[in-house]
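I have placed the structure first, in the form of structure tokens, so that the comments after it can refer back to it.
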Amino acid sequence: GSPTADINLRKAIAYCLDREAIGYALYGKNGPAMNSIFATNWLDGDYGQTADDYFTQDYDLAREYLAKSNYQGETLRCMVVTPMANAGPLIQAYLSEIGINCELLNYDRATFNSYANDAAYGNYDIVVQNIGSAATDSYLALGFLSGEGYEGGLNRMFIEDEHLDELYNSIKAAS
């Protein structure tokens, strides 16, 4: 039931964010230019992506996708875990720049985890979380794509997808 079920709205959001600025806000000069869902220090592969391969900030393109979406001015709920709190206001400002309303929901780690793992809760449209530094393989860091360990077999996006689970388990078995 979230407005973010609309792929054009999700693309609008992705194109309005400045990942490099968010990385800097979170990690200072050591913040990576977040141009991929894969971290360069993971041990299981070269993903062959460059900064231009993964949603470079483009407000004009973001506004085009927003216009194609079914967004009607709803307030999107952005759930942010405390260690990522510096990213919340930036995300809110970027969304506002293209006309998307956003409410920040800041939670400590325990509350965040209980809400994020509870399929009945679902009181957010966007989630901002960090991945533990122990995640050196993509299958560990991308575990939220799998329904394993979450209520009702739904993954973190509240989707039950057997094919996605099979793909995830194949990667896990190969690692």
>> Just to verify a number: what accessible area does GLU103 come out at with the full protein assembly present, 1.4 Å probe, Å² rounded to tens?
In response: 90 Å²
>> To make sure I understand the rule: partners must be lysines, Cα under 23 Å from the Cα of LYS11, and not fewer than 8 residues away in the same chain. Which ones qualify?
In response: LYS68
>> Using amide H atoms built in the peptide plane, which far-off residues or other-chain residues are under 5 Å from ASN106 H to H?
In response: VAL80
> Residue-wise, which Karplus ³J(HN,Hα) couplings in Hz belong to segment 99-112, taking 6.51 cos²θ - 1.76 cosθ + 1.60, θ = phi - 60°, and x for glycine or proline?
Replying inline: x, 9, 7, 9, 10, 8, 10, 8, 9, 5, 4, 5, 5, 4
> Which of the listed residues, THR82, GLN72, SER96, is farthest toward the dipole's positive end in segment 58-99, when Lys, Arg count +1 and Asp, Glu count -1 at the beta-carbon?
Replying inline: THR82
>> Suppose the chain between GLN72 and THR111 were pulled fully straight at 0.36 nm per residue; how much longer would it get relative to their current alpha carbon spacing?
In response: 11.1 nm
>> Could you report the accessible area of SER170 in Å², rounded to 10, computed with a 1.4 Å probe on the protein chains as they sit in the structure?
In response: 70 Å²
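The values are calculated or read from the model by the stated rules, or taken from the named source; none is laboratory data. In this text the structure is predicted, and so the values were computed from the model without any measurement. Note that we place each Cβ from the backbone using ideal geometry, even for glycine, and neighbour counts take in every protein chain shown. With ligands, DNA and RNA removed, areas are computed over all heavy atoms of the protein, side chains included. Shrake-Rupley method; radii C 1.70, N 1.55, O 1.52, S 1.80 Å.
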